[in-house]
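Visitor: Encoded as structure tokens, here's the structure I'll be asking about.
The values are calculated or read from the model by the stated rules, or taken from the named source; none is laboratory data. Model, not experiment: these values are computed from the prediction. Cβ: placed from backbone, ideal geometry, glycine included. Neighbour counts: every protein chain shown.
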Amino acid sequence: MSICPVCGIADWASVYRIGRWDIGECKACGFARIDPMPDRELRAEFYSEEKVVSRNTKEQTASQRFSRSMKRFFSRIGGRSKSGIFYDKLSHYLSAGSKILDLGCGDGSFLRSAKRCFLCTGVEISGYLAGLAKDKGGIKVINGNFLEMEIGEKFDGITMISLLEHLDDPAKALKICFGLLNRNGVLLIKTINYGCLNRMIKRESWSGFRPPDHMVYFTPRNLKQLLEKAGFAGIKVSAWPFNDNMYCDAHKIG
Ligand SMILES: [Zn+2]
């Protein structure tokens, strides 16, 4: 196995076995990833129309249905949808009319609310979802893998909402984000939290484990480390023990 993208050390422990995959954990920093990593060429195929539609319409188990309805309930009483959280954060850091890039924009649901205030661009690997995002209008949508493309302009804010865990090269991804930001720009991330108590209690049956779709798993500490390595500063990670996800704000200073 190769070196850890966070700390550069090559000392892995195989901690879980899920289907055909091992979850390898870096003994030095706790970063985890699936082994073997899937071929990058197969990624676009994974997000084709048939695959996306069939995954989303698959029979849900009773426990998945329960968990989804609980999430909807809590977001209603908290009054904070996922899009709402990111819209509020962008409005806090940036002025109206700022340029926003949403990486992994899916069907454009977040950009549809962000475009009220910001100039919006989205990148989406799935041609099917990129097409849905374009149809909503008012958003520039680029279809492809942002790890392999030249975007050619800079932005004031970048959002990665539930994307980082799907990337086979998170170190490169964060460096690209740093390069795409204007000075004083902000990167906002939501990703799964490998350090949460749910993972420690549920082990192999933790809902965050979804190989080969979820390839890399961060804790708040090693996510901060990798962001610093990419050049970011003023990093704030918000994580809660029983929440499978964490949120992170990182800045390009000066
Ligand atoms: Zn490491």
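Visitor: Mind listing whichever residues of the stretch 94-109 are outside any loop (DSSP other than H, G, I, E, B), modelled with pLDDT of 95 or more and not acidic (D, E)?
Guide: Selection gives K99, I100, L101, L103.
Visitor: Picking from V186, V216, which residue would you name as being in contact with a Pro (Cβ under 7 Å, 6 or more places away or on another chain) and modelled with pLDDT of 95 or more?
Guide: Exactly one residue qualifies, and that residue is V216.
Visitor: Need pairs with beta-carbon distance below 6 Å; first residue farther than 18 Å from L226 by Cα and within the stretch 5-22, second of a type in the set (F, W, Y); sequence gap 6+ or separate chains.
Guide: What qualifies is I18/F209.
Visitor: Same structure, new question: Could you grab me the full set of residues in the stretch 86-113 that are more than 15 Å from the chain's Cα centre (by Cα) and aromatic (F, W, Y)?
Guide: The answer is Y87, Y93.
Visitor: Where in the stretch 147-254 are the strands (runs of 3 or more DSSP E), entirely inside, with at least 3 residues that are more than 27 Å from G84 (Cβ to Cβ) and touching a residue at least 40 places away in the same chain (Cβ under 8 Å)?
Guide: none
Visitor: Against the conditions (1) more than 16 Å from the ligand (Cβ to nearest atom); (2) out of contact with any strand residue (DSSP E or B) (no Cβ under 7 Å at 6 or more places or on another chain), where does A171 fall short? Just the number, please.
Guide: (1)
Visitor: Moving on to the next point. Whether any residue in the stretch 110-130 is within 18 Å of A230 (Cα to Cα) and not β-branched (V, I, T) is what I want to check.
Guide: no
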